[in-house]
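Let me begin by presenting the structure, written as structure tokens, before commenting on it.
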Amino acid sequence: MQSEALVALVVKELDDNKAKAITQLDVRGLSNVTDFMVVATATSSRHGKALADKVWEASKEAGNIPVGIEGELVGDWVLLDLGDVVVHIMLEEVRAMYQLEKLWNMRPSN
């Protein structure tokens, strides 16, 4: 599955399951680990776990085998590694503290 199609699938799945403030970041050229990051806010730890499960299953059903998952036991920040797309599902206060969008929106200087 191409990375653009995978990121679209992830965003749709998060939106369909009521994630808040979904942001996709193109990190090609900033990272050699992944092409895109998607950051979304969950309304509770349980919601974060459920969102992660839905994205994991949708990725598998589309033929993209997920690489790994971290944080699902606590649920305040769940990270899904889908290869070309890394998904961060965070509670609002955790997202505000780490400000991943600010970190990854920086462009290298020439």
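The values are calculated or read from the model by the stated rules, or taken from the named source; none is laboratory data. Values in this document were obtained by computation on a predicted structure and should not be read as measured data. Here Cβ is always computed from backbone atoms with ideal geometry, including for glycine, and neighbour counts include all displayed protein chains.
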Exercise. Can you name the condition, by its number, that Gly68 falls short on among (1) farther than 22 Å from Trp104 by Cα; (2) touching a strand residue (DSSP E or B) at 6+ places or on another chain (Cβ under 6 Å)?
Worked result: (1)
Seminar exercise, completed: Residues of the range 18-27 being under 17 Å from Asp76 (Cα atoms) and either crowded, with 16+ Cβ neighbours inside 10 Å or β-branched (Val, Ile, Thr) (or both), in sequence order, are Ala19, Ile22
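Within the range 93-102, restricting attention to residues that are loosely packed, with under 13 Cβ neighbours inside 10 Å and not small (Gly, Ala, Ser), which residue is modelled with the lowest pLDDT?
Keep residues of the range 93-102 that are loosely packed, with under 13 Cβ neighbours inside 10 Å, which gives 93, 96-97, 99, 102.
Keeping just the survivors that are not small (Gly, Ala, Ser) gives 93, 97, 99, 102.
Working: Glu93: 96, Met97: 94, Gln99: 90, Lys102: 82.
Result: Lys102.
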For this session: Of the conditions (1) among the basic types (Lys, Arg); (2) more than 15 Å from the chain's Cα centre (by Cα); (3) crowded, with 18+ Cβ neighbours inside 10 Å, Arg46 clears all except one; give me its number.
Result: (3)
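Yes/no matrix, rows are residues, columns are (1) of a type outside the set (Asp, Glu); (2) surrounded by fewer than 16 Cβ atoms within 10 Å (Cβ to Cβ):
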| residue | (1), (2) |
| --- | --- |
| Gln2 | yes, yes |
| Gly29 | yes, yes |
| Phe36 | yes, no |
| Trp56 | yes, no |
| Ser59 | yes, no |
| Ala62 | yes, yes |
| Asp81 | no, yes |
Seminar exercise, completed: Picking from Val85, Val78, Val27, Val33, the residue that is over 20 Å from Ser3 (Cβ atoms) and touching a residue at least 24 places away in the same chain (Cβ under 8 Å) would be Val78
Exercise. Do the conditions hold for Glu70, that is, is it out of contact with any Phe, Trp or Tyr (no Cβ under 6 Å at 6 or more places or on another chain), surrounded by fewer than 19 Cβ atoms within 10 Å (Cβ to Cβ) and within 21 Å of Asp16 (Cβ to Cβ)?
Worked result: no
For this session: Among the strands (runs of 3 or more DSSP E) lying completely within the chain, list those that include at least 2 residues that are out of contact with any helix residue (DSSP H, G or I) (no Cβ under 9 Å at 6 or more places or on another chain).
Result: 68-70
Exercise. Looking at (1) touching a Lys or Arg at 6+ places or on another chain (Cβ under 7 Å); (2) under 13 Å from Val78 (Cβ atoms), which is the only condition Ser44 fails?
Worked result: (1)
